[in-house]
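The values are calculated or read from the model by the stated rules, or taken from the named source; none is laboratory data. Computed from a predicted structure; not experimentally measured. Positions of Cβ are backbone-derived with ideal geometry, glycine not excepted, and every protein chain shown enters the neighbour counts.
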Amino acid sequence: MKIAGIDVVSGSVRSRTARPLYALVMLENNRVLSEMHVSQFRLLRMLAREEPDILAVDSVQEIAGNRQELLHFMQHLPPRTRLVQVTGGERMESLSKVAARYNIRFDRLDPNAEARAAAMIAAQGGGAEAVLFENTCDVVVSRHRSIGKGGWSQNRYIRRIHGAVLQKAREIEKQLIDAGLKYEKKESRAFGGASRIAFRVHTPREMIPLSGYRGADVQVRISGRALDRIAYRPLSARPRYLIVGLDPGTTTAYAALHLDGQVAGIGSSRQASMSTTIETLLRLGKPLVIASDVSEMPFSVEKIRRAFKAIAYTPKQDRSVEEKQELTAGYSYANVHERDALAAALDAYRYYRHRLQNIVKRVPAGQDLDEVWAAVMRGVPLGDAIGGETPPSSKEAEAVVPPQETKRDERVISLEVQVKRLREYVEELEKVKREKDEEMAEMQRRLRRERSSRWQQLRRDHEIARRDVIITDLRRRLRREQRHAQGLRKLLEYLREHGTMERSRDLLPLKVLAALTKEGVRGLRAEMGIRPDDVIYLAKTDGWGRSVIRELSDEGIRAVVLSKEHHRKADPLMREAFMEFHLPLLTAEEVGAVVRGRGGTANREKFEAAMRVWDDERRRREKSEKAAMLESIFREYRLEREKEVHGG
């Protein structure tokens with residue numbers, strides 16, 4: 001069996017810039033054929049050339065970011081190649097944990113080693129196959145050309161095309177009937193025959209004895225139907241071995257451990273019969289050891305042990321409550337019955353643990369440790385267990401089991417023989433199924449070769465759509481830049497007018513400030529700039545603040561002209577703030593302001609006169625403030641002197 005294992009070296013399928021680079025290891029009969037680093041494109045080419053039986057991955061997320069990408073990837077795999085996720089299906093485990101189950105050690109920092117470990121796990125039957133296609137496909141027969149508007153012979157032309165579609169559909173239907181396949185048909189009748197006929201065939205795509213077709217007038221498309229979500233099918237149906245502790249009584253409790261000590265399941269029920277308990281344990285795995293927490297195994301537990309032909313384990317003396325609590329410390333359970341069952345299972349596991357751990361050092365890598373441990377626990381010599389010999393008979397097993405093993409009754413033995421025969425029959429059926437799967441994979445490979453031209457066309461369409469999106473985005477950016485350029489042209493015109501007005505003897509240029517806020521000042525600075533000796537026209541005073549007035553004063557502007565409507569309702573405190581920062585605040589009427597858009601003009605003579613008035617008012621205000629300050633100082637001095645005189 002040829003197996004390919006991969007692991008990501010760098011990049012990711014979710015990255016637009018750093019595409020993934022994979023470590024690819026090819027195994028055949030547990031022998032390494034090649035190791036290399038490849039891109040995803042080259043990986044698919046290598047798989048198409050080598051056609052391995054299995055592609056083993058740590059996680060399908062390493063090859064596809066979503067279901068659609070995984071569907072696209074799996075459609076390009078060779079038909080006989082199965083995609084296997086070695087860490088499990090819906091319930092995943094770490095790669096290290098799964099590898100330890102097969103005694104495989106690897107460097108977790110080495111992608112080549114991880115890829116090799118994944119391939120070796122798949123070779124031993126570990127992991128689950130990813131299934132994305134259902135056992136149904138669609139066969140569609142339709143026109144291959146447009147009927148168009150036509151001319152004098154239009155009706156004859158249409159009748160010929162629709163007749164050809166109907167004739168091709170009848171041929172396909174006959175082939176489906178001859179092959180004994182079930183199908184459903186849906187026709188779209190048209191003048192002279194049919195424009196489209198669809199068959200839904202209830203069988204996998206590779207089992208249909210048809211291929212895609214493109215003629216002058218008719219085309220035939222065949223496509224498998226994808227599942228709504230990814231399904232996982234265990235690569236091996238072999239269950240894992242269990243160490244089971246049972247606590248019988250009115251409430252029957254069980255606790256199952258894997259041979260590595262991991263808890264497989266714990267439960268209890270008041271209505272559980274023996275058959276129900278057996279069925280529950282079979283769902284968890286294959287019981288190898290049945291344990292009890294008392295020195296003499298109860299009869300009901302013994303019957304369940306015989307049903308599984310398992311090894312019996314009981315302690316030398318009954319376990320006390322304190323010992324059970326010590327054994328189960330750190331584990332979760334619902335009641336004392338589950339605690340007793342868990343204590344029995346843990347006691348049996350500890351009985352075998354050291355012996356099993358010593359075996360690990362002598363087992364070669366790539367061997368299923370569960371199978372080796374089970375064989376040794378049944379009495380098989382380690383060398384024979386590693387060599388793959390079958391487990392010994394019940395008499396040989398008695399040599400290594402605890403002394404509580406009892407004689408089997410004849411009825412159980414006959415049932416065991418029957419079970420063995422049924423298992424052999426199941427193995428034969430599985431072998432036939434594998435052969436059929438290989439035939440189906442071969443047919444699917446042939447089909448994909450026929451459909452390659454169709455996928456090339458789809459890729460071209462995808463590239464065209466991608467470039468259309470780029471063109472649309474560039475056009476949108478071009479329109480945005482054109483609007484920006486238009487705004488700059490208008491600003492340039494205003495600046496030219498502004499320069500002309502600055503040279504005029506009669507007019508003085510104004511820059512319009514929309515609002516006395518930091519946002520307004522920031523916008524004016526970005527659009528027109530603020531320079532020393534500029535005269536600012538203030539459109540609105542809403543939201544004014546002292547920090548904004550200070551910022552304008554620090555810019556060194558010459559004056560601020562307030563609009564007529566806002567001058568009447570201006571806040572007196574605002575005028576006080578302008579006085580405080582020595583920034584003249586004039587009115588539009590005083591300076592003869594005329595505003596148009598972002599700019600305006602003021603009469604230079606009126607402006608100078610208003611500035612003189614403002615300066616006079618500012619001097620009077622300063623003089624008044626100084627006089628008030630002196631009067632306050634004199635008043636305080638006089639009060640102090642009066643206190644001194646009266647005090648003396």
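Residues are listed down the side, and each one gets a yes or a no for (1) out of contact with any Asp or Glu (no Cβ under 8 Å at 6 or more places or on another chain); (2) within 15 Å of Arg558 (Cβ to Cβ); (3) surrounded by fewer than 11 Cβ atoms within 10 Å (Cβ to Cβ); (4) not assigned by TED's automatic domain parsing to the domain that holds Val512:
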{"position": "Thr601", "(1), (2), (3), (4)": "yes, yes, no, no"}
{"position": "Arg604", "(1), (2), (3), (4)": "no, yes, no, no"}
{"position": "Ala610", "(1), (2), (3), (4)": "no, yes, no, no"}
{"position": "Asp615", "(1), (2), (3), (4)": "yes, yes, no, no"}
{"position": "Arg619", "(1), (2), (3), (4)": "yes, no, yes, no"}
{"position": "Lys623", "(1), (2), (3), (4)": "yes, no, yes, no"}
{"position": "Ala627", "(1), (2), (3), (4)": "yes, no, yes, no"}
{"position": "Arg638", "(1), (2), (3), (4)": "yes, no, yes, yes"}
{"position": "Glu642", "(1), (2), (3), (4)": "yes, no, yes, yes"}
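Would you confirm, using the coordinates I've provided, whether Tyr241 is more than 25 Å from Val360 (Cβ to Cβ) and touching a strand residue (DSSP E or B) at 6+ places or on another chain (Cβ under 8 Å)?
no
If I go through segment 86-141 residue by residue, how many of them are hydroxyl-bearing (Ser, Thr, Tyr) and assigned to a strand (DSSP E or B)? Steps first, answer last, please.
Going residue by residue through segment 86-141, those that are hydroxyl-bearing (Ser, Thr, Tyr) are 87, 94, 96, 102, 136.
Still in the list and also assigned to a strand (DSSP E or B): 136.
Within segment 86-141, residues that are hydroxyl-bearing (Ser, Thr, Tyr) and assigned to a strand (DSSP E or B) number 1.
Name, by its number, the condition in (1) among the aliphatic types (A, V, I, L, M); (2) more than 30 Å from Ala23 (Cα to Cα); (3) not in a helix (DSSP H, G or I) that does not hold for Ile177.
Result: Ile177 passes all but (3).
Quick grid of which residues meet (1) within 21 Å of Gln262 (Cα to Cα); (2) at pLDDT below 60; (3) in the same structural domain as Arg306 (by TED's automatic domain parsing); (4) in contact with a helix residue (DSSP H, G or I) (Cβ under 7 Å, 6 or more places away or on another chain):
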residue	(1), (2), (3), (4)
Arg339	yes, no, yes, yes
Asp347	yes, no, yes, yes
Ile359	yes, no, yes, yes
Gly366	yes, no, yes, yes
Pro392	no, yes, yes, no
Ala399	no, yes, yes, no
Leu415	no, no, no, no
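Give the residues of segment 265-304 that are closer than 25 Å to Leu356 by Cβ, assigned to a helix (DSSP H, G or I) and out of contact with any strand residue (DSSP E or B) (no Cβ under 9 Å at 6 or more places or on another chain), sorted by residue number.
Leu282
So how many residues does segment 163-177 have that are more than 46 Å from the chain's Cα centre (by Cα) and closer than 25 Å to Met207 by Cβ?
1
Mind checking which residues of segment 206-222 are of a type outside the set (A, V, I, L, M, F, W, C) and either at pLDDT 75 or above or not assigned by TED's automatic domain parsing to the domain that holds Leu166 (or both)?
First pass over segment 206-222, keeping only residues of a type outside the set (A, V, I, L, M, F, W, C): 206, 209, 211-215, 217, 219, 221.
Of everything in segment 206-222, those that are of a type outside the set (A, V, I, L, M, F, W, C) and either at pLDDT 75 or above or not assigned by TED's automatic domain parsing to the domain that holds Leu166 (or both) turn out to be Pro209, Ser211, Gly212, Tyr213, Arg214, Gly215, Asp217, Gln219, Arg221.
From Asp340, Asp318, Asp368, which residue is of a type in the set (Asp, Glu), in contact (Cβ under 8 Å) with a residue 40 or more places away in the chain and either surrounded by fewer than 17 Cβ atoms within 10 Å (Cβ to Cβ) or closer than 30 Å to Ala119 by Cβ (or both)?
Asp368
Can you list residue pairs whose Cβ atoms sit under 6 Å apart, with the first residue in segment 429-458 being surrounded by 13 or more Cβ atoms within 10 Å (Cβ to Cβ) and the second being acidic (Asp, Glu) and at pLDDT below 80? Count only pairs 6 or more apart in sequence or on different chains.
Met440/Glu206; Met443/Glu206; Gln444/Glu206
Mind listing whichever residues of segment 1-27 are in a strand (DSSP E or B) and surrounded by fewer than 16 Cβ atoms within 10 Å (Cβ to Cβ)? Before you say what the answer is, go through the steps one by one.
Let us first name the residues in segment 1-27 that are in a strand (DSSP E or B), namely 2-10, 21-27.
Passing the criteria: only Ser10.
Among the residues of segment 41-68, how many are under 20 Å from Ala122 (Cβ atoms) and not aliphatic (A, V, I, L, M)?
Count: 9.
With Glu62, Glu50, Glu90 as the choices, which residue is at pLDDT below 85 and either in contact with a Cys (Cβ under 7 Å, 6 or more places away or on another chain) or farther than 20 Å from Ser223 by Cβ (or both)?
Of Glu62, Glu50, Glu90, the one residue that is at pLDDT below 85 and either in contact with a Cys (Cβ under 7 Å, 6 or more places away or on another chain) or farther than 20 Å from Ser223 by Cβ (or both) is Glu90.
Condition first: buried (at least 22 other Cβ atoms within 10 Å of the Cβ), of a type in the set (Asp, Glu), assigned by TED's automatic domain parsing to the domain that holds Ser12 and farther than 15 Å from Tyr232 by Cα. Can you find one or more residues in segment 103-114 that meet it?
Looking for residues that are buried (at least 22 other Cβ atoms within 10 Å of the Cβ), of a type in the set (Asp, Glu), assigned by TED's automatic domain parsing to the domain that holds Ser12 and farther than 15 Å from Tyr232 by Cα, one finds at least one in segment 103-114, hence yes.
Report whether or not Leu210 is assigned to a loop (DSSP other than H, G, I, E, B) and surrounded by 15 or more Cβ atoms within 10 Å (Cβ to Cβ).
Against the criterion (assigned to a loop (DSSP other than H, G, I, E, B) and surrounded by 15 or more Cβ atoms within 10 Å (Cβ to Cβ)), Leu210 qualifies.
What is the residue count in segment 213-249 for residues that are more than 30 Å from Tyr333 (Cβ to Cβ), not in a strand (DSSP E or B) and not acidic (Asp, Glu)?
Qualifying residue count for the region: 5.
Would you check if Glu555 is modelled with pLDDT of 85 or more and either more than 54 Å from the chain's Cα centre (by Cα) or exposed (fewer than 14 other Cβ atoms within 10 Å of the Cβ) (or both)?
Numbers: modelled with pLDDT of 85 or more: yes; either more than 54 Å from the chain's Cα centre (by Cα) or exposed (fewer than 14 other Cβ atoms within 10 Å of the Cβ) (or both): yes.
Yes: the conditions hold for Glu555.
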